[in-house]
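The values are calculated or read from the model by the stated rules, or taken from the named source; none is laboratory data. As the structure is a computational prediction, the values presented were derived from the model and not from experiment. Note: ideal-geometry Cβ built from the backbone for every residue, glycine included; neighbour counts use all protein chains shown.
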Amino acid sequence: MRGRFLALGLAVLALVVGLITVSYARARSAAAIRSPVTIHVIEHPNTDAVIDTGVPGDTTGDLLTFHNPIFNATNSTRAGRDQGDCIRISPRLGTWECRWLTQIQGQGSIMVEGAFNDSKSRPFRLSGDLFS
């Protein structure tokens, strides 16, 4: 059961990372934010590990860690990597509190933080230094 929720959760997490939309300012320009840009990446979740921190099984306080490669929108070229962690808040509700850094080769980084749910996606708070 836990594996199914984790797999579903990680799939949603990969989708959220893949659909990140950020606003940015170009370092070469004195102007503030010019326009939004969409960055679509696909995470290959091959290092994800859940660590039981107390009672065995899916319990509050469990830790999910990861440091995965990310690929471009066509999934053909490696575009960077991410690394982060999530703390299980409520197994019954399927909630985690997550934070991770997505580094895009030659472009900068995006810091993502927020609540994550095993069965539905939600907006995340973003900050970054892309294109700097």
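Observations
- A single member of Gly3, Gly80, Gly61 is at pLDDT 95 or above, outside any loop (DSSP other than H, G, I, E, B) and either on the phi > 0 side of the Ramachandran plot or surrounded by fewer than 14 Cβ atoms within 10 Å (Cβ to Cβ) (or both), and it is Gly80.
- Restricting the stretch 94-109 to residues that are in a loop (DSSP other than H, G, I, E, B) and either out of contact with any Asp or Glu (no Cβ under 8 Å at 6 or more places or on another chain) or buried (at least 20 other Cβ atoms within 10 Å of the Cβ) (or both), the residue that is modelled with the lowest pLDDT: Gln107
- Among residues of the stretch 101-124 that are within 18 Å of Arg88 (Cβ to Cβ), those with a Cβ under 9 angstrom from a residue that is at pLDDT 90 or above and surrounded by fewer than 12 Cβ atoms within 10 Å (Cβ to Cβ), sequence gap 6+ or separate chain, pair up as Asn117/Leu93; Asp118/Leu93.
- The residues listed here are Ile42, Ile70; of these, the one that is modelled with pLDDT of 95 or more, crowded, with 17+ Cβ neighbours inside 10 Å, closer than 20 Å to Leu101 by Cα and not polar (S, T, N, Q) is Ile70.
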